[in-house]
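The structure appears right after this line, and notes come after that.
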Amino acid sequence: MTSLEHFPIPLLGFAAFSGTGKTTLITQLLPELTKRGLRIGMVKHSHHDIEMDNPNKDSYKLRKAGACQMVLASPHRTVLFVEQDEPTEPALITQLNWLNTNELDLVLVEGFRHEAFTKIELHRPSLGKPILANEDKHIIAIATDAAIDKTALLERELTYLELNDINVITDFIVHYSQQ
């Protein structure tokens with residue numbers, strides 16, 4: 001198991017309060033990053049009890065019969081199901097270790113904002129939420145859709161990105177991935 005500090009490829013998260021638009025932004029960024037030749041892995045945290053399998057399918061029946069890990073493979077895609085003994089919050093490193101990093105250039109992460117890894121904060125002042133970068137030293141940039149009162153920020157070097165400018169954010173991520 002690798003630690004977050006020694007993960008073999010660049011790792012970049014998106015931190016924001018719910019409703020800020022993390023998924024919307026990432027779905028716009030992925031095609032742009034792919035056009036630039038990057039092979040992207042993605043890890044997304046969910047607070048919900050997700051069920052991707054169909055009760056009428058063999059894979060579901062095998063999992064429910066007791067398989068703690070189940071790989072469903074087809075010519076089109078492979079899905080790995082891992083059953084948890086008890087509901088516990090997943091650790092980011094555990095999820096990252098499922099990825100085949102030999103086939104990736106960068107991993108983007110949505111959620112896991114309380115873990116220690118490099119992130120871009122999405123901030124919309126109109127939502128009235130606090131700036132996460134004041135509490136999270138791993139945030140290296142803030143993507144915002146309006147001016148931020150700089151006196152509300154701690155004295156830190158941060159890059160400011162226009163939240164609605166996909167090209168600027170894409171450029172920033174490509175540069176980050178090549179460091």
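The values are calculated or read from the model by the stated rules, or taken from the named source; none is laboratory data. These figures come from a predicted structure and were not determined experimentally. Note: ideal-geometry Cβ built from the backbone for every residue, glycine included; neighbour counts use all protein chains shown. Remember, those area values only see protein heavy atoms, side chains included, never the ligands or the DNA or RNA. Shrake-Rupley method; radii C 1.70, N 1.55, O 1.52, S 1.80 Å.
In summary, the aspartates and glutamates within cross-link reach of LYS64, defined as a Cα separation below 16 angstrom excluding same-chain residues under 8 places away, comprise ASP49, GLU51, ASP53, GLU83, ASP85, GLU86. Quick one: pull the percent of accessible area on the range 1-146 belonging to carbon and sulfur, 1.4 Å probe, ligands and nucleic acids left out. Here carbon and sulfur together make up 51 percent of the probe-accessible area.
Full-extension gain between ASN54 and THR27, please, as 0.36 nm times their residue separation minus the C-alpha to C-alpha distance. Write out the running numbers ahead of the final one.
Values: separation 27, 0.36 × 27 = 9.72 nm, distance 2.56 nm.
Length gained, ASN54 through THR27: 7.2 nm.
Evaluate the relative contact order of the chain (contact order divided by residue number), counting alpha-carbon pairs under 8 angstrom at least 6 apart; express in whole percent. Relative contact order, the chain: 31 percent. Of the beta bridges in the range 13-167, as assigned by DSSP with both residues counted there, near 20 percent are antiparallel.
For the range 16-46, the residues whose backbone nitrogen is under 17 Å from a point 7 Å from the Cα of THR101, taken along Cα to Cβ, are 39-44. Of all DSSP-defined beta bridges confined to the range 80-179, some 0% are antiparallel rather than parallel. Based on every Cα atom in the range 115-174, Rg and the maximum pairwise Cα distance Dmax equal 11.2, 30 Å.
Of HIS114, HIS45, HIS123, the residue with the greatest mean-square motion in the GNM of the chain, using alpha carbon springs below 10 Å, is HIS114. Taking 0.692 mPa s as the viscosity and 37 °C as the temperature, the Stokes-Einstein diffusion coefficient of the chain based on its alpha-carbon Kirkwood radius rounds to 182 µm²/s. The residues of the range 85-142 expose, per residue, 53 Å² of accessible area to a 1.4 Å probe. With the simple spin-label model, which puts each label point 7 Å out from Cα in the Cβ direction, the THR118 to THR78 separation comes to 2.8 nm. Rounded to the nearest 0.05, the FRET efficiency derived from the C-beta distance between ARG39 and VAL71 at R0 = 30 Å is 0.90. Note on LYS129: lysines with a C-alpha under 24 Å away, same-chain residues under 8 apart excluded, are LYS22, LYS44, LYS119, LYS137, LYS150.
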